[in-house]
Amino acid sequence: MNSTLVKAFNSLSTDINGDIHFPGTEPYNQACKLYNGRVKRSPLVIIQPENTEDVCKAIKFAGQHNLKVTAKGGGHSACGTCLVDNGLALDMSKMKRIDMYPEQHLVKVSAGVLNKELDRATLKHSQALPLGTCGDVGVIGSTIGGGIGFLSRAYGLACDNIISASVINAEGKLLNVSSDENSDLLWALKGGGGSQLGIVTDITYRTFDMPARVYGGTIDWSLEYGSYILKRYSDFMLTAPNNHFLYAYISFSEKADAKISVMGFAMDKPEVCEKLFADISAWCPNAETNLGFRNYLDVQSNNYADGLAIYWKNGVVQSGLSDEFCQSLVECFEACPSLSGGIMLDPLGGAISNIGETDTAFCHRNSTFICSVTGLALGDKISPEVERWVQESHAKLSKHYNGLVYANYEDVEINEVSHYFGQNKEKLRSLKSRFDPSGIFYGSLGRENS
């Protein structure tokens, strides 16, 4: 960094309430840490704003000095695009405000709030909104890409429940975003992924009443039943009521101990819930169950191991899972090096499909499942063998996909935005040109090669 820029940053540090961290310092190193240990990014500087005014000043500064800008919430971006090499990264972790309005069924959430923090705040009022099951994921970052969670089939994606937002544009100006004001930006926030058009400092969401307890948990079977269970799972989810939600997955394990599993819950009368999961448990013999009536937060909060390197690819299925797909998925896992990977299916449908494909930037309204193949390793490196397994498995399953990928499971090896946004790509490109003509905000819309 040249002396002129250092002097400019020193001047900025006296003008904001937050902190500025430079390479070679421990606060910088801590702020650079990402959930995916495989990914390393080296921003020129990291700013930890304390308020919206700090964000405005930081973006104006970046524009004056021709620096790319990113925003980091929980740091769970699969390929680390919440940080950008040689750019200015806004670490939003100090912006933790949550304002709950239970009588209006609304909550206003600042940009540094994590899923677990928001779940705890809303559940104090017996309310919730659709959030993912990893508690350390940033609420706003996951929302902008869509936001799939246990409640999504009942109440839509997290992004479907945005009422309004505050966005700082490329000029460092605050824009109020709602259906009545800057409505094009609201459209883009609902699935456009990342800080593509501006930095979001807060979002106001719609919330929903939650029962004190829900019924759910996990059911595991031996992998020898894998293809049959996946087919039963597919048939079940395609016709299930909106208040039923199940993930299906094969978790990383020793080959001899591999299981096919479903995880989820139902919101219904107690006897209906118990019978539902008893029937699912009977799909194949010798099911191992961990089921019961629990506080929603206990079901919602899953433990995800830290200290892992991750290599992740995903594809979107447009219909039911065919017999061939189910068999191929099991074969893919059987080819995985031991304790090195897993495969998961996110269900869509329900309330997610009640909105048109072009009514928001989220383009997967008519899709049924998202399939993720994930290579894992302790530390910060994935072996070439595991990388090949992920690539070959993805290629084997790809003929069953519709050519799209989920923006929140971003794949840095894919630059063509049509894979993320389908028929919505041209509108997003137009909005990118309008709201960020100089390309200050880093993301897939500014990275594409086509």
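Results, tabulated for the structure shown:
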{"quantity": "Matching option when the condition is under 26 Å from residue 346 (Cα atoms) and of a type outside the set (Phe, Trp, Tyr), among 172, 145, 87", "calculated": "145"}
{"quantity": "Boolean, residue 401 is under 25 Å from residue 88 (Cβ atoms), touching a residue at least 60 places away in the same chain (Cβ under 8 Å) and not assigned by TED's automatic domain parsing to the domain that holds residue 159", "calculated": "no"}
{"quantity": "Top-ranked residue of the stretch 397-412 - restricted to ones that are within 18 Å of the chain's Cα centre (by Cα) and in a loop (DSSP other than H, G, I, E, B), ranked as nearest to residue 75 (Cα to Cα)", "calculated": "410"}
{"quantity": "Out of 300, 318, sole residue that is of a type in the set (S, T, N, Q), within 20 Å of residue 151 (Cα to Cα) and out of contact with any Cys (no Cβ under 8 Å at 6 or more places or on another chain)", "calculated": "300"}
{"quantity": "Looking only at the stretch 387-427, and only at residues there that are in contact with an Asp or Glu (Cβ under 7 Å, 6 or more places away or on another chain) and of a type in the set (A, V, I, L, M), the one that is modelled with the lowest pLDDT", "calculated": "417"}
{"quantity": "From the options 338, 372, residue that is in the same structural domain as residue 225 (by TED's automatic domain parsing) and either modelled with pLDDT of 95 or more or in contact with a strand residue (DSSP E or B) (Cβ under 8 Å, 6 or more places away or on another chain) (or both)", "calculated": "372"}
{"quantity": "Members of the stretch 48-70 found to be in contact with a helix residue (DSSP H, G or I) (Cβ under 6 Å, 6 or more places away or on another chain) and buried (at least 19 other Cβ atoms within 10 Å of the Cβ), listed by number", "calculated": "48, 49, 61, 69"}
{"quantity": "Selection within the stretch 282-305 - farther than 18 Å from residue 209 by Cβ and touching a Phe, Trp or Tyr at 6+ places or on another chain (Cβ under 9 Å)", "calculated": "283, 284, 285, 286, 287, 288, 289, 291, 292, 304"}
{"quantity": "Within the stretch 394-450, considering residues that are in contact with a Gly (Cβ under 8 Å, 6 or more places away or on another chain) and more than 24 Å from residue 365 (Cα to Cα), the one surrounded by the fewest Cβ atoms within 10 Å (Cβ to Cβ)", "calculated": "438"}
{"quantity": "Residue within the stretch 155-166 that is of a type in the set (Gly, Ala, Ser), within 30 Å of residue 238 (Cα to Cα) and under 16 Å from the mean Cα position of the chain (by Cα) present", "calculated": "yes"}
{"quantity": "Among residues of the stretch 102-128, those that are buried (at least 21 other Cβ atoms within 10 Å of the Cβ) and assigned to a loop (DSSP other than H, G, I, E, B), counted", "calculated": "3"}
{"quantity": "Cβ pairs under 6 Å, 6+ apart, first in the stretch 132-155 and touching a residue at least 60 places away in the same chain (Cβ under 8 Å) and acidic (Asp, Glu), second buried (at least 24 other Cβ atoms within 10 Å of the Cβ) and in a loop (DSSP other than H, G, I, E, B)", "calculated": "136/74"}
{"quantity": "Verdict on residue 131 being among the aliphatic types (A, V, I, L, M) and either modelled with pLDDT under 95 or surrounded by fewer than 22 Cβ atoms within 10 Å (Cβ to Cβ) (or both)", "calculated": "no"}
{"quantity": "Any hit, the stretch 424-445, residues being farther than 29 Å from residue 172 by Cα, in a helix (DSSP H, G or I) and out of contact with any Ser or Thr (no Cβ under 8 Å at 6 or more places or on another chain)", "calculated": "no"}
{"quantity": "Residue within the stretch 385-394 that is free of Cβ contacts under 8 Å to residues at least 12 places away in the same chain, part of a helix (DSSP H, G or I), more than 20 Å from residue 157 (Cβ to Cβ) and among the small types (Gly, Ala, Ser) present", "calculated": "no"}
{"quantity": "Filter pass, residue 77 being touching a strand residue (DSSP E or B) at 6+ places or on another chain (Cβ under 9 Å), polar (S, T, N, Q), under 15 Å from residue 409 (Cα atoms) and crowded, with 23+ Cβ neighbours inside 10 Å", "calculated": "yes"}
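The values are calculated or read from the model by the stated rules, or taken from the named source; none is laboratory data. In this text, all values refer to a predicted model and were calculated from it rather than measured experimentally. Cβ coordinates were reconstructed from backbone atoms using ideal geometry, including for glycine residues, and neighbour counts include every protein chain displayed.
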